[in-house]
Structure formats: C-alpha cells, structure tokens
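Colleague: I'd like to ask some things about the structure below.
Readers should treat all values here as calculations from the given coordinates under stated rules, not as data from a laboratory. Since the structure is predicted, the reported quantities are computational estimates derived from the model, not experimental observations. Here the Cβ positions follow ideal geometry from the backbone for every residue, glycine too, while neighbour counts run over all protein chains shown.
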Amino acid sequence: MKHTIGISTWSLQQLSYKRGLKLPQMLELIAGMGVDTIDLYDEYLPLFPEVNLHKLYEVKKQTEAAGLPISGTWFFDDLLGSYYNVGLDETLENTKRFIAVTAFLESKYMALPFLINVPGISLEEAHDTYYKIFEKLLPTAEEYGVYIAAEAARQYTPALALRLYHELKSAFFTVCPDLEAWRLETADIPLVHAENAGGPPSKPEPVDLFGQCLPYAPYIHFKLLAFDEKGEEPHFPIPQIMDLINKSSIAHHLCIEYEGWIPDINPNVDAAVETRRCVELIKRYLDRSPS
C-alpha cells in the first residue's frame with residue numbers, strides 16, 4: 001500500500017518563535033527532508049481579522065515553488081466550546097469559512113480538534129452536540145470536496161469519532177487518529193493535558209482501537225515527542241501502530257506533528273533536527289510498496 005508522509009508546520013513552529021522563521025524558509029527546510037507533502041496549520045495562514053485571499057494565494061504559490069503539495073490544513077476550531085459559547089449558527093459560519101480556505105488551497109483534508117473539554121459535559125451530551133454540528137457542516141464540506149478529519153487526540157475521542165462516522169454516513173467525515181490518544185505512561189512526560197488541569201491523568205487507548213479506526217482514517221496525525229539513543233520513540237507504541245498501518249486495507253497520509261520542542265517537554269532541542277528524525281523513524285517502519 002502506497003502511504004504518504006507530510007510534515008505539519010507545527011513541527012517547526014519553534015523556529016518561528018526563536019529565529020523568526022517565515023513560511024518560505026520553513027518550506028525550504030521541509031522540502032529537504034524527503035517527504036511528500038506539507039500540512040499547513042492556521043498560524044501560517046492569513047485568516048484574521050478576515051481571510052486575505054491575495055495572501056492566501058501567495059501561500060499556495062510558495063508551497064508549489066517548494067514542490068510540496070498541501071495535503072491537509074488544521075484550524076484551532078473548538079466546535080464544542082464554540083457551540084456552548086456562541087451557538088450553532090455562528091459556529092457553523094466560522095467553520096464553513098475554514099472549509100472554503102482549505103478548498104482554495106486545493107487541500108483534501110481539513111483537520112479539526114475533536115475535544116470533550118466543556119466542564120461537566122457527559123460523553124453522551126458531547127456526542128449529541130457533535131452530531132448536530134457535523135450533520136449541518138457536511139453538506140458544505142461535500143460541496144467543496146473537503147474531507148473533515150476529526151482529530152481524536154484524547155482518551156474517549158477515538159471511539160466517539162468512530163461512532164459518529166457510522167452514524168453520519170458521509171464519506172466527508174473521517175476519523176483522524178492522533179497518536180497522543182495512544183501515548184504511553186513514561187517517567188519523563190506525565191499523561192496530563194492543559195484542558196484538564198488538576199484532573200486525573202489520561203490513560204492510553206488500546207492499540208486495537210487504533211486498528212479499528214484505520215479503515216475510516218485516510219489522514220493520521222503522527223504525534224512524536226522525543227527519541228532514545230537508538231532513534232526510537234518510547235512514548236508511543238510505534239512498532240504496533242506501524243504494523244497496523246502497514247497491514248491496512250487503505251492508503252494513509254501520515255502527517256508528522258513533532259511536539260517535543262514545547263516548553264513543558266524540551267524547548268532546547270532544535271525542532272528541524274528532531275523533525276528530520278521523525279521522518280527517518282517512520283521510513284524505517286513504513287512499507288511504501290504499491291498494492
């Protein structure tokens with residue numbers, strides 16, 4: 001199966017903070033790392049206060065000049081939080097704008113955070129609200145030819161995304177497993193997340209659940225944090241995950257999200273060096289033979 005590898009701009013965002021790196025320089029770095037595509041995150045898109053179409057066109061031309069097709073976009077679009085703060089109609093209008101941006105960039109996938117972070121909300125309430133939102137969004141996604149990828153990065157969210165996939169019955173809703181949901185308990189990085197401050201640590205989802213997601217997950221967020229002396233990533237069950245990907249019945253795009261540079265992990269590393277190690281790690285395990 002011919003899988004592809006992309007690098008998200010999030011992986012190198014440390015270089016923007018520390019060195020003032022702009023998108024063209026970032027594209028030049030990524031183009032030299034031997035990957036197939038670029039995945040653009042909203043920090044590098046001209047979206048606010050309004051979408052600037054001319055600047056968006058310049059972004060598109062920059063990626064073309066670097067020889068990097070855009071495979072996916074990501075927007076910090078908290079659908080659940082937005083629904084409870086501003087209501088359904090405004091939530092839909094904001095997200096439809098992001099769908100249009102994704103289509104303008106000729107990107108196939110639009111990844112959105114898929115969180116359960118409203119205080120006191122139950123899993124069933126989260127399900128009902130997400131169903132209501134996606135049911136209204138999917139006709140727009142289909143009209144634009146953009147596939148929504150629900151980024152399942154926390155405990156409980158992969159199973160919820162799978163349930164919604166089967167209920168919504170639309171090819172334009174896909175599950176986007178983020179390896180964060182399968183992160184292992186290790187001594188160096190606790191299993192806690194900012195949106196659940198003071199709460200109990202998360203538990204890693206079973207690897208079997210990753211396999212259950214794969215038939216509906218053409219787009220995967222391949223989160224990586226740090227490497228050991230052998231070049232392996234001990235914070236995730238990488239061998240088991242890659243075995244499942246290699247045996248999958250569909251082709252997958254693996255979007256690398258190197259996150260080890262953030263302040264609460266290791267801000268002193270060089271994000272470009274570590275991102276290249278991410279590429280090398282995946283290529284060691286990945287069967288890219290056509291089928």
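Colleague: At 0.36 nm per residue, minus the direct Cα-Cα distance, what do Gln240 and Glu106 gain on full extension? Give it in nm, one decimal, please.
Modeller: Gain on extension, Gln240 to Glu106, equals 44.9 nm.
Colleague: Continuing with the same structure: Would you please give the FRET efficiency between Ser249 and Leu47, computed as 1/(1 + (r/R0)^6) with r the Cβ-Cβ distance and R0 = 45 Å, to the nearest 0.05?
Modeller: Plugging the Cβ-Cβ distance into 1/(1 + (r/R0)^6) gives 0.80.
Colleague: Give, in whole angstrom and from largest to smallest, the semi-axes √(5λ) of the equivalent ellipsoid of region 108-205, with λ running over the eigenvalues of the Cα gyration tensor.
Modeller: Equivalent ellipsoid of region 108-205: 27, 15, 10 Å, largest first.
Colleague: Hey, fewest Cβ within 10 Å first, where do Glu232, Glu259, Glu142 land in order?
Modeller: So the ranking, lowest neighbour count to highest, is Glu232, Glu142, Glu259.
Colleague: Provide the net charge surrounding Asn94, with neighbours chosen by a C-beta distance below 13 Å and charges set as Lys +1, Arg +1, Asp -1, Glu -1.
Modeller: -4
Colleague: Related question: Order of Met242, Met26 from fewest to most other C-beta atoms within 10 Å?
Modeller: Met242, Met26
Colleague: Rounded to the nearest 0.05, what FRET efficiency do Asp270 and Glu28 give with R0 = 22 Å and r taken as the Cβ-Cβ distance? Could you check?
Modeller: That pair, Asp270 with Glu28, gives E of 0.90.
Colleague: Hey, another quick one. Just how large is the dipole of the chain about the Cα centre, in debye to the nearest 20, putting +1 at every Lys and Arg Cβ and -1 at every Asp and Glu Cβ?
Modeller: So the dipole magnitude of the chain works out to roughly 700 debye.
Colleague: Which three extents, in angstrom, do the Cα atoms of region 1-50 have along their principal axes, listed largest first?
Modeller: 42, 26, 15
Colleague: Compute the Rg to Rh ratio over region 140-291 from the alpha carbon atoms, using the Kirkwood formula for Rh, and round to two decimal places.
Modeller: Dividing the radius of gyration by the Kirkwood radius yields 0.97.
Colleague: How far apart, in nanometres, would the label points at Glu58 and Tyr17 be if each is projected 7 angstrom from Cα along the Cα-to-Cβ direction?
Modeller: 2.5
Colleague: Could you calculate the contour length gain from Glu232 to Lys283, that is, 0.36 nm times the residue separation minus the distance between their Cα atoms, to one decimal place in nm?
Modeller: Separation in residues times 0.36 nm, less the Cα-Cα distance, equals 17.2 nm.
Colleague: Ok, one more. Return the distance in nm (one decimal) between the two label points of a simple spin-label model at Ile262 and Lys132, each offset 7 Å from Cα along Cα→Cβ.
Modeller: It is 2.9 nm.
Colleague: For Lys169, go through the lysines and keep the ones whose alpha-carbon is under 28 Å away, minus same-chain ones fewer than eight residues off.
Modeller: Cross-link targets: Lys2, Lys96, Lys108, Lys132, Lys136, Lys223, Lys247.
Colleague: Another question, if that's okay. Please report the net charge: other residues with Cβ closer than 14 Å to the Cβ of Leu244, K and R +1, D and E -1.
Modeller: The answer is -3.
Colleague: Would you kindly state how much longer the chain becomes between Asn117 and Leu88 on full extension, computed as 0.36 nm times their sequence separation minus their alpha carbon distance, in nm to one decimal?
Modeller: Full-extension gain reported as 8.7 nm.
Colleague: A further question on this structure: Is the chain best put as rounded, prolate or oblate by its Cα gyration tensor, with a ≥ b ≥ c the root eigenvalues, rounded for a/c under 1.5, and otherwise prolate when a/b is larger than b/c, oblate when not?
Modeller: Because its axes are fairly even, with a/c under 1.5, the chain counts as rounded.
Colleague: Which residue fluctuates the most in the chain, going by a Gaussian network model with Cα springs under 10 Å, if the choices are Leu123, Leu137, Leu15?
Modeller: Of Leu123, Leu137, Leu15, the Gaussian network model singles out Leu123 as fluctuating most.
Colleague: Under the Karplus relation 6.51 cos²θ - 1.76 cosθ + 1.60, θ = phi - 60°, what is the ordered set of whole-Hz ³J(HN,Hα) values for region 59-70, x standing for Gly and Pro?
Modeller: These are the phi-based 3J(HN,Hα) values: 4, 4, 5, 5, 5, 5, 5, 7, x, 10, x, 8 Hz.
Colleague: Can you check what the net charge comes to around Ile256, using other residues whose Cβ is under 12 Å from the Cβ of Ile256 (Lys, Arg +1; Asp, Glu -1)?
Modeller: Once positives and negatives cancel, what remains is -4.
Colleague: How big is the charge dipole of region 126-278 about its Cα centre, in debye rounded to the nearest 20, if each Lys and Arg gets +1 on its Cβ and each Asp and Glu gets -1 on its Cβ?
Modeller: 420
Colleague: Still on this structure: Which of the listed residues, Ser122, Phe236, Cys278, is farthest toward the dipole's positive end in the chain, when Lys, Arg count +1 and Asp, Glu count -1 at the beta-carbon?
Modeller: Comparing the listed Cα positions along the dipole, Cys278 ranks first.
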